[in-house]
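Comments concern the structure below.
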Amino acid sequence: MSCPELPSETSIQEADDQLCRLNQQKQAWLTMPMDTRLKYLAHCLDNVAAVSEHWVAAACHGKGLDPSAPIAGEEWLTGPFAIMRYLRLLMRTLSGQARPLPKRRSPSTQPQGLEQEAGQETGQEVVQEVVQIFPQDLFDRLLLLGTTAQVWSLPGKTIVQGVSERKTAEVALVLGAGNISAIGPLDALHQLFVEQRVVVLKMNPVNAAVGPWIAQAFAQLIAEGFMTIAYGGADLGSYLCQHPGVDAVHITGAQQTHDAIVWGAGAEQTSRKAAHSPRLHKPITSELGGVTPILVVPGQWSDRAIAFQARHVASMVVHNASFNCVAGKLLILSKSWEQRSQFLEAVRQQLRQIPPRFAYYPGAQERYQNFLEQYPNAEILGQRAKGCIPWTLIPNVPPRAGEYALTAEAFCGILAEGSLDAADPTDFLGQATQVVNDKVYGTLSCTILIDPQTQRQHQAAFDQAIAQLRYGTIGVNLWSGALFNMPEVPWGAFPGHSLAEIGSGQGTVHNTSLLGNTQKAVVSAPFLTWPTPAWFAQHQTLHKVGRRLIAFEQNPKVQTLAAVIAAAVMG
């Protein structure tokens with residue numbers, strides 16, 4: 001396919017006109033009957049499938065990828081497929097076809113740290129509801145063999161289900177992220193169908209070339225004045241945030257961008273925070289990333305397990321050239337683990353074998369150099385190439401408060417390693433939980449790797465760690481980034497951040513089960529899985545898997561699922 005043409009920037013007059021039309025249509029959207037909304041969702045589902053090839057080609061071009069190569073599968077899965085799965089499952093919920101969600105109640109001791117719910121003291125044992133949301137049907141079971149997902153309620157709260165009961169029609173501004181092409185559209189769909197607001201999606205300049213295909217995918221919504229797409233940089237974003245025609249804002253991006261929007265920049269930001277006087281006087285929700293930890297619980301691992309989990313860790317680092325807010329950034333091990341050196345060497349070997357990726361995201365080289373200056377012992381692994389950042393391991397990082405690798409989000413191909421003086425798995429789980437809760441920046445997601453025997457032998461300590469980890473999403477033997485493609489899961493930071501100390505953000509998106517009063521999601525997978533997980537690096541048939549997943553989501557039946565599995569087993 002030819003090189004995608006970048007859309008022209010949206011002028012101030014065009015932005016004003018877009019917002020004028022949205023405000024004219026917002027009441028019609030709020031009062032629209034559900035059967036009509038479902039028709040819009042069905043149109044979007046078919047439209048995404050129709051433009052998927054062009055969508056993926058545009059995304060690949062911006063990242064220097066060959067759209068015909070297996071690596072292009074990343075763009076299939078984090079672009080059209082992610083949108084289509086969200087649309088299909090949201091339709092399932094809104095049409096009343098989803099199965100009732102089984103619940104249980106679990107006592108947990110609430111950790112210290114973030115703001116507590118009213119009436120809850122830190123260290124107090126409370127009851128939380130736990131709802132199983134995955135799997136719901138045979139297709140779920142076959143797509144992710146042995147995987148289960150549970151959502152935990154806020155302490156002492158009951159999980160509720162349903163769309164926002166909004167009384168007043170509103171316009172939302174979605175500031176799209178530039179790294180993953182599905183993020184902006186997913187956030188826009190959440191505002192439309194869950195928050196019940198009409199929406200303007202401002203594309204990030206990094207992936208603006210995908211915008212025209214998103215526009216075709218949402219053509220009916222745009223034509224009726226319920227959605228619009230704007231193009232431009234920070235100046236346009238700032239103008240739209242302050243526009244009187246915008247009632248609410250959602251951003252996926254960096255904490256620094258969020259704070260500039262809410263508090264201003266430089267001295268203004270400092271003074272406004274001190275005075276508790278934000279410059280943005282409207283609701284804002286956010287997903288802002290962090291330093292994503294990987295907790296490796298010591299156990300007796302086979303050589304096969306060492307190799308598999310080393311590839312797993314390497315894949316958490318290199319996916320999307322490491323330009324993910326959920327990229328693996330901090331490997332936490334036990335110094336007394338007999339297989340620590342073997343595992344670290346296996347991770348090094350995996351990273352050496354993976355070709356470097358084009359560093360397409362702005363500021364990557366500067367961030368990388370900052371880490372090299374902080375850590376002269378950094379190990380550069382594998383190949384060097386022009387325009388690329390080599391995969392780099394920083395060993396023996398002290399797991400202490402204020403440590404650079406624990407508090408600065410690299411957003412490039414860096415993996416830091418820090419080890420704890422832990423006597424056994426129970427001790428490790430307790431120490432690691434405290435370290436990541438209190439000393440590591442961010443609360444969006446984390447990953448725990450633990451073999452079944454160790455988990456059984458230390459079940460109480462494992463359960464306590466799950467209850468006390470302050471992360472919005474926890475992947476057990478599953479990279480937390482893979483959960484982005486599980487729209488059943490509420491996606492967002494652990495609740496409790498204030499606007500002034502925003503951390504990984506406020507609020508959740510995705511959440512096709514429409515759950516409220518949620519605290520965290522816990523998704524568990526087998527320690528060793530087959531076929532090769534789709535997020536694993538150097539998956540040989542990933543592009544074929546991606547294409548076939550599009551066909552499955554458009555027409556979920558045994559035949560289309562069998563085609564997906566046939567491609568997956570060759571990877």
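Structure data summary
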read-out: Helices (runs of 4 or more DSSP H) contained entirely in the stretch 194-288, each with at least 3 residues that are buried (at least 17 other Cβ atoms within 10 Å of the Cβ); value: 211-217, 234-242, 255-263, 266-275
read-out: Filtered residue count, the stretch 287-329, keeping only those that are acidic (Asp, Glu) and in contact (Cβ under 8 Å) with a residue 12 or more places away in the chain; value: 1
read-out: Selection within the stretch 303-333 - surrounded by 20 or more Cβ atoms within 10 Å (Cβ to Cβ), of a type in the set (Lys, Arg) and assigned to a helix (DSSP H, G or I); value: Arg311
read-out: Candidates Gln110, Gln124, Gln150, filtered to the one that is crowded, with 20+ Cβ neighbours inside 10 Å, at pLDDT below 90 and not basic (Lys, Arg); value: Gln110
read-out: Test: residue in the stretch 161-178 that is surrounded by fewer than 24 Cβ atoms within 10 Å (Cβ to Cβ), out of contact with any helix residue (DSSP H, G or I) (no Cβ under 9 Å at 6 or more places or on another chain) and among the aliphatic types (A, V, I, L, M); value: no
read-out: Top-ranked residue of the stretch 421-440 - restricted to ones that are touching a helix residue (DSSP H, G or I) at 6+ places or on another chain (Cβ under 6 Å) and surrounded by fewer than 21 Cβ atoms within 10 Å (Cβ to Cβ), ranked as nearest to Val326 (Cα to Cα); value: Lys439
read-out: Single unsatisfied condition, Phe527 versus (1) of a type in the set (Phe, Trp, Tyr); (2) within 24 Å of Asp303 (Cβ to Cβ); (3) assigned to a helix (DSSP H, G or I); value: (3)
read-out: Subset of the stretch 261-279 [farther than 14 Å from Ser498 by Cβ, among the hydrophobic types (A, V, I, L, M, F, W, C) and touching a residue at least 12 places away in the same chain (Cβ under 8 Å)]; value: Ile261
read-out: Only one of Arg311, Arg304, Arg348 that is in the same structural domain as Leu381 (by TED's automatic domain parsing) and either at positive phi or within 21 Å of the chain's Cα centre (by Cα) (or both); value: Arg311
read-out: Test: residue in the stretch 334-344 that is in a loop (DSSP other than H, G, I, E, B), among the basic types (Lys, Arg) and touching a Leu at 6+ places or on another chain (Cβ under 8 Å); value: yes
read-out: Check on Ala401, part of a loop (DSSP other than H, G, I, E, B) and on the phi < 0 side of the Ramachandran plot; value: yes
read-out: Where a residue in the stretch 520-544 is basic (Lys, Arg) and its partner, wherever it lies, is in a loop (DSSP other than H, G, I, E, B), with Cβ under 7 Å and at least six apart; value: Lys520/Tyr471; Lys520/Gly472; Lys520/Phe494
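The values are calculated or read from the model by the stated rules, or taken from the named source; none is laboratory data. These numbers were taken from a predicted model, which means no experiment stands behind them. Using ideal geometry, Cβ is built from the backbone for each residue, glycine included, and neighbour counts are taken over all protein chains shown.
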